[in-house]
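Inspection log for the structure reproduced underneath, given as structure tokens.
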Amino acid sequence: MQASPRHINIWRYRVLLGFVLVLLLAAAASALFQDSISEWLQQQLLWLDNAPWVIQAALAAGLLLTRVLFIPVTLPLVSLMGYLAPGGLTLCISVAAATLGDAIAFWLAQKGFRASAESVHPHILARINAGLAAHGFFYVLILKLLPIFPSPLVNLGLALTQVRFRIFLLASALAKLPLFSAVILATHWAATLR
């Protein structure tokens with residue numbers, strides 16, 4: 001079943017309206033709570049100033065678990081890790097923890113839901129699987145890089161297809177590098193301003 005151009009345009013306007021509303025709500029929240037948020041962050045950063053590597057490891061484990069359990073706190077955890085120890089090692093640890101968490105979530109969803117999805121919508125999945133067979137790495141990388149789609153939903157959606165595990169793993173790791181690098185560098189830069 002093909003979607004009509006009118007239906008596609010309505011969908012685009014709804015998505016655009018949703019983004020505008022989210023931006024307006026974020027701007028209003030930051031304007032209302034700016035002082036209390038900045039005070040709280042300063043207290044947390046002072047407490048973490050002399051944190052040992054045990055806390056870094058606990059944050060990495062928490063990052064892994066939040067990716068498996070679909071809890072959206074990835075960026076705060078990565079920024080805390082970047083504050084504790086900025087640099088390439090933190091980037092490697094955070095990317096490895098998040099990728100491992102995504103891989104576990106992907107594997108669990110694949111084992112739990114793939115057979116039932118194939119029985120309910122075989123013709124839709126057949127077309128998606130044909131595209132993934134030809135350009136799987138590119139599709140997974142683009143889906144992971146676009147901020148439109150939440151990573152847990154991408155993991156679940158790709159688990160229902162026949163994308164290969166190693167393609168998913170490699171594309172997931174590469175897609176995390178730009179965002180995590182930016183977060184770690186921004187956190188380090190903000191910490192040096194104190």
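The values are calculated or read from the model by the stated rules, or taken from the named source; none is laboratory data. Nothing here was measured: the structure is a model prediction, and the numbers come from that model. For neighbour counting, all protein chains shown are included, and Cβ atoms are generated from backbone atoms with ideal geometry for every residue, glycine included. Keep in mind that these areas ignore ligands, DNA and RNA; they rest on the heavy atoms of the full protein, side chains included. Shrake-Rupley method; radii C 1.70, N 1.55, O 1.52, S 1.80 Å.
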| request: Show the residue pairs that are 6+ apart or on different chains and have beta-carbon atoms under 6 Å apart, the first residue being within the range 102-123 and within 10 Å of LEU160 (Cα to Cα), the second being among the polar types (S, T, N, Q) and surrounded by 12 or more Cβ atoms within 10 Å (Cβ to Cβ). | output: PHE106/ASN155
| note | Over the range 67-84, the set of residues open to solvent by less than 20 Å² (accessible area, probe 1.4 Å) and under 13 Å from the mean Cα position of the chain (by Cα) is THR74, VAL78
| request: With respect to ILE37, determine if the residue is surrounded by 11 or more Cβ atoms within 10 Å (Cβ to Cβ), at pLDDT 75 or above and either more than 13 Å from the chain's Cα centre (by Cα) or part of a helix (DSSP H, G or I) (or both). | output: no
| field | Hits in the range 145-174 (condition: open to solvent by 30 Å² or more (accessible area, probe 1.4 Å) and either touching a Ser or Thr at 6+ places or on another chain (Cβ under 8 Å) or not in a loop (DSSP other than H, G, I, E, B) (or both)) | value | LEU145, PRO152, LEU153, LEU156, GLY157, PHE165, ARG166, ILE167, LEU169, LEU170, LEU174
| note | Filtering the range 89-123 down to residues that are small (Gly, Ala, Ser) and touching a helix residue (DSSP H, G or I) at 6+ places or on another chain (Cβ under 9 Å) yields SER94, ALA96, ALA97, ALA98, GLY101, ALA103, ALA105, ALA109, GLY112, ALA117
| said: I'd like the residue in the range 81-95 that is aliphatic (A, V, I, L, M) and touching a residue at least 40 places away in the same chain (Cβ under 8 Å) and, out of all such residues, is nearest to ALA173 (Cα to Cα). | reply: VAL95
| Filter the range 85-106 for residues that are assigned to a helix (DSSP H, G or I) and over 18 Å from VAL154 (Cβ atoms); which is most open to solvent (accessible area, probe 1.4 Å)? | LEU89
| query | If you go through the range 168-184 one residue at a time, do you hit one that is in contact (Cβ under 8 Å) with a residue 40 or more places away in the chain, more than 26 Å from LEU59 (Cβ to Cβ) and of a type outside the set (Gly, Ala, Ser)? | reply | no
| Is it the case that the range 107-117 has a residue that's assigned to a helix (DSSP H, G or I), open to solvent by less than 40 Å² (accessible area, probe 1.4 Å) and either of a type in the set (Lys, Arg) or modelled with pLDDT of 75 or more (or both)? | yes
